[in-house]
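Each remark here refers to the structure printed beneath this line.
FYI, it's all coordinate maths here, none of it is from the lab. Predicted model, so just to flag it, every value in this text is computed and none were measured. Cβ placement follows ideal geometry from the backbone for every residue including glycine, while neighbour counts extend to all protein chains displayed.
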Protein chains: 2
Amino acid sequence: MDADVRDRWLSQAGSRLSGAGRRSGAARTAVVELLAREGQCLISAQEIIDRLRASHAGSAASVYRTLDELLALGLVHRLEGRDGSARYEIVDPGLRHHHFVDEASGEVQAFTDEGLDRAIAGVAERLGVALSSRDVVLRGRRT
Amino acid sequence: MDADVRDRWLSQAGSRLSGAGRRSGAARTAVVELLAREGQCLISAQEIIDRLRASHAGSAASVYRTLDELLALGLVHRLEGRDGSARYEIVDPGLRHHHFVDEASGEVQAFTDEGLDRAIAGVAERLGVALSSRDVVLRGRRT
DNA sequence: TTATATGCAAAAGCTTTGCATGGGT
DNA sequence: ACCCATGCAAAGCTTTTGCATATAA
């Protein structure tokens, strides 16, 4: 967990949410704080729900509602999991990575690669599009 | 729709399925033929179900069962949709493409890009992994 | 005070599964 | 004849929604 990213995103999220005219309640606060700490790489809604239930700090409905809000404000990014459940991760300028899924263990590893980023930028230019998001998920086995 | 790809995949699918000891029934045949024609770029299970129901040629259960089989045999590729419903597309040596989603219209456009493929191969080598699949989904707007 | 956030429970999709039946080989 | 494929309906999951209540501003 990167403390700089956590703090920066937390303050970003705080201002964007209040700027959008939303009030801050206990459940939303709990979700936002959990995401700042553990949403730096893909976390599932179910995992958030389970964690909050363990500390009596929010219901499933509030988790989904908060995630929707954050998504609409561009504060989180959503990636569909292989099992039909969505995974979220915070959006922060200091975080730009892609994902590799080890099919042997199911474990997700984040990586960065400048060459890949350049290739994607090249594609966007060639297609004549302005990108708002890029999902790259590689799957395979370690050799 | 590319007729060469359709025919090649159809014969591939036929031999691999019977080779795996599976029998051919009406429903599975209908799914496989529909995929050969319209699964060259992302089609959802729901869409297949609706089409087959319209022609009384298969149930939801059979569609999912067939898709699972094809997936296990590596004959289709599965990509999770933004709305929590999976999308499938046939796997064919002559078809290697990535996807761009136009956020204005929701339309999906397939594209190929050698530079991107090279960059991905480079990443795999650097990470020391053997890839079994690569999902690249770019989202944005045409400029 | 007044609108919004929350929790519960019900509802809504998509997908899977059990079981009896039909059909391939 | 034997087993697999199929269809139906029920069950399972994740996610969404309605509504009464609690709470921030």
Output ³J(HN,Hα) for the stretch B:85-92: one whole-Hz value per residue in order, computed from phi by the Karplus curve 6.51 cos²θ - 1.76 cosθ + 1.60 with θ = phi - 60°, and x for Gly and Pro. 10, 6, 10, 10, 7, 5, 9, 9
Using a Gaussian network model of chain A whose springs link C-alpha atoms within less than 10 Å, name the residue from A:G122, A:G58, A:G25 with the highest mean-square fluctuation. A:G122
Between B:S18 and B:A72, what is the label-to-label distance in nm when each label sits 7 Å out along the Cα-to-Cβ direction? 2.0 nm
Considering only C-alpha atoms, what is the centroid distance from the stretch B:117-143 to the stretch A:7-76, in Å? 30 Å
From the label point of B:G106, set 7 Å from Cα along Cα→Cβ, how far away are the matching label points in the other copies, in nm, ordered shortest to longest? 3.2
Derived scalar couplings ³J(HN,Hα) [the stretch B:21-36; Karplus, 6.51 cos²θ - 1.76 cosθ + 1.60; whole Hz; x for Gly, Pro]: x, 8, 8, 9, x, 4, 5, 4, 4, 5, 5, 4, 5, 5, 4, 4
How big is the antiparallel share of DSSP beta bridges in chain B, given as a percent to the nearest 5? 75 percent
Distance between modelled label sites at A:S85 and B:Q109, nm, 7 Å Cα→Cβ extension: 3.6 nm
Compute the long axis of helix B:45-54 from its Cα atoms, compare it with the longest principal axis of the Cα atoms of chain B, and write down the angle in degrees, 0 to 90, nearest 10. 30 degrees
Which distances in nm, rounded to one decimal and ordered from shortest, link the label point of A:A54 to the equivalent label points in the other identical copies, with labels set 7 Å from Cα toward Cβ? 4.9
Please list, ordered by chain and number, the residues whose modelled amide H lies under 5 Å from the amide H of B:E80; skip anything fewer than 5 residues away on the same chain. B:R87
Between copies, how far does the label point of A:D117 sit from its twins, in nm, shortest first, when each point is 7 Å from Cα along Cα→Cβ? 2.6
Rounded to the nearest 10, the angle in degrees between the Cα long axis of helix B:114-127 and the longest principal axis of the Cα atoms of chain B comes to 80 degrees
Output the direction-averaged projected area (hull surface divided by four) of the convex hull of the alpha-carbon atoms of chain B, in nm². 10.2 nm²
